[in-house]
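The values are calculated or read from the model by the stated rules, or taken from the named source; none is laboratory data. Nothing here was measured: the structure is a model prediction, and the numbers come from that model. Glycine gets a Cβ as well: all are built from the backbone with ideal geometry, and neighbour counts include every protein chain shown.
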């Protein structure tokens with residue numbers, strides 16, 4: 001629910017209220033093998049795994065309820081635009097994850113007694129049950145001061161406080177031999193709570209070089225709250241003994257610098273923008289997709305680059321719009337003493353570029369026809385932080401559409417095509433079991449759609 005109140009010509013009030021609830025359950029056949037397969041895990045020991053598509057699965061069930069409320073006042077004077085606001089967010093989340101991977105364990109041979117057990121079956125899976133209560137409060141303000149006809153100074157400040165309460169209970173039926181989801185807590189819920197707060201500023205200086213060109217420089221601090229992973233950590237040589245603790249990750253902070261230009265050229269027929277940036281992250285949060293699927297603070301990360309974009313409406317061709325962009329990014333992880341030191345970030349292409357063209361022409365009383373084509377290309381990326389596994393080569397995606405718009409805009413019919421060249425690439429690659437068995441989530445193949453749009457009520 002959004003409420004806007006124009007208190008006066010120079011003062012307004014906005015309230016935004018949001019409530020959401022969701023329930024999710026899905027089952028994933030992780031090994032991708034449809035037929036049963038017997039594998040000796042360690043030939044010298046009586047440990048045997050049975051791969052079986054119907055029974056080897058990962059199944060999470062998640063319920064999530066959130067509520068947020070924001071209040072904001074916007075005001076202005078002759079040379080000052082400002083706003084102040086406050087926000088509140090709360091979340092109640094619960095999840096139960098199950099892992100089945102039929103395993104035969106001969107404890108008589110391993111430890112001299114205990115019998116032979118078949119575990120990690122659908123009736124006796126490895127399970128983790130978690131519950132979390134999260135709250136976040138923010139207070140913020142932003143002021144833009146028109147120093148002169150050409151110079152504007154903007155300053156902003158935000159205070160954020162996050163509090164997270166988390167409990168995790170883990171059930172491991174493998175006697176600690178293969179703790180897929182962590183050590184067995186014996187039915188005990190391992191709980192903890194933490195709070196973080198941060199004040200983050202923002203400053204921007206802009207200069208109108210003339211009526212068509214604006215130059216700017218900005219600095220902003222960023223903050224992302226900490227939290228808990230679902231896995232439990234144990235003690236002892238193998239991390240399976242009590243006392244147990246939760247796997248916590250710390251907040252991430254950043255300092256971002258940017259220089260840029262925004263311009264209108266060719267008598268208003270072209271927009272050209274360019275920017276260069278440098279961002280320094282501290283305690284960068286990265287999802288480790290191997291085995292643990294946990295978020296970890298990997299250290300410091302730097303990201304720098306430049307971007308340029310252009311939109312051109314040729315004066316001699318009414319109805320034609322051309323656009324294009326190019327972006328360069330170079331990221332580096334700084335973690336001295338660790339193997340990932342000097343690596344690039346996963347899924348962070350060094351180069352990316354694209355172009356679009358749209359042409360709309362009238363059919364007289366019959367309506368309008370619009371044709372669109374767009375091509376986007378991205379450079380090589382990696383999918384794991386070590387940078388040596390799961391590489392993805394560069395690729396490009398071609399989209400196009402043809403749209404008929406009925407006279408008056410009451411309805412339209414669109415024939416659209418996505419990935420017309422049927423390019424295949426990997427969006428996510430991971431080895432959640434740590435056995436060198438990569439799970440690849442691939443992109444959507446060539447897709448053609450016919451869409452009908454209808455406008456109800458007055459136009």
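Could you list all residues from the range 187-202 that are part of a strand (DSSP E or B) and without any contact (Cβ under 8 Å) to a residue 60 or more places away in the chain?
190, 191, 192, 193, 194, 195, 196, 197, 198, 199, 200, 201 - these are the residues of the range 187-202 that are part of a strand (DSSP E or B) and without any contact (Cβ under 8 Å) to a residue 60 or more places away in the chain.
Looking at (1) without any contact (Cβ under 8 Å) to a residue 12 or more places away in the chain; (2) surrounded by 14 or more Cβ atoms within 10 Å (Cβ to Cβ), find the lone condition where residue 96 falls short.
Residue 96 satisfies every listed condition except (1).
Give the range 276-316 a look and list any residue that's outside any strand (DSSP E or B) and touching a residue at least 12 places away in the same chain (Cβ under 8 Å), or say none.
Passing the criteria: 283, 284, 289, 291, 292, 293, 298, 299, 313, 314, 315.
Taking the range 83-114 only, how many residues are modelled with pLDDT of 85 or more and over 30 Å from residue 202 (Cβ atoms)?
Looking only at that region, the number is 7.
Take residue 175 and tell me if it is assigned to a loop (DSSP other than H, G, I, E, B) and assigned by TED's automatic domain parsing to the domain that holds residue 103.
yes
Only residues that are assigned to a strand (DSSP E or B) and surrounded by fewer than 16 Cβ atoms within 10 Å (Cβ to Cβ): list them for the range 209-220, please.
213, 215, 217, 219
Within the range 383-400, is even one residue more than 25 Å from residue 330 (Cα to Cα), without any contact (Cβ under 8 Å) to a residue 12 or more places away in the chain and surrounded by fewer than 16 Cβ atoms within 10 Å (Cβ to Cβ)?
Scanning the range 383-400 turns up no residue that is more than 25 Å from residue 330 (Cα to Cα), without any contact (Cβ under 8 Å) to a residue 12 or more places away in the chain and surrounded by fewer than 16 Cβ atoms within 10 Å (Cβ to Cβ).
Yes/no per residue for (1) in contact with a strand residue (DSSP E or B) (Cβ under 6 Å, 6 or more places away or on another chain); (2) loosely packed, with under 15 Cβ neighbours inside 10 Å; (3) under 25 Å from residue 402 (Cβ atoms):
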{"residue": "295", "(1), (2), (3)": "yes, no, no"}
{"residue": "321", "(1), (2), (3)": "yes, no, yes"}
{"residue": "333", "(1), (2), (3)": "yes, no, no"}
{"residue": "337", "(1), (2), (3)": "no, yes, no"}
{"residue": "340", "(1), (2), (3)": "yes, no, no"}
{"residue": "352", "(1), (2), (3)": "yes, no, no"}
{"residue": "355", "(1), (2), (3)": "yes, no, yes"}
{"residue": "362", "(1), (2), (3)": "yes, yes, yes"}
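Which of (1) crowded, with 17+ Cβ neighbours inside 10 Å; (2) assigned by TED's automatic domain parsing to the domain that holds residue 239; (3) at pLDDT 95 or above is the odd one out, the single condition residue 144 does not satisfy?
Going through the list (1) crowded, with 17+ Cβ neighbours inside 10 Å; (2) assigned by TED's automatic domain parsing to the domain that holds residue 239; (3) at pLDDT 95 or above, residue 144 breaks only (2).
Looking at 104, 152, can you tell me which residue is in contact with a strand residue (DSSP E or B) (Cβ under 6 Å, 6 or more places away or on another chain) and surrounded by 18 or more Cβ atoms within 10 Å (Cβ to Cβ)?
It is 152.
When you go through 414, 353 one by one, which is the residue that is under 30 Å from residue 300 (Cβ atoms), part of a strand (DSSP E or B) and in the same structural domain as residue 453 (by TED's automatic domain parsing)?
It is 353.
Pick from the range 445-459 the residues that are modelled with pLDDT under 95 and part of a loop (DSSP other than H, G, I, E, B): which of them is surrounded by the most Cβ atoms within 10 Å (Cβ to Cβ)?
If we take residues in the range 445-459 being modelled with pLDDT under 95 and part of a loop (DSSP other than H, G, I, E, B), then 455 is surrounded by the most Cβ atoms within 10 Å (Cβ to Cβ).
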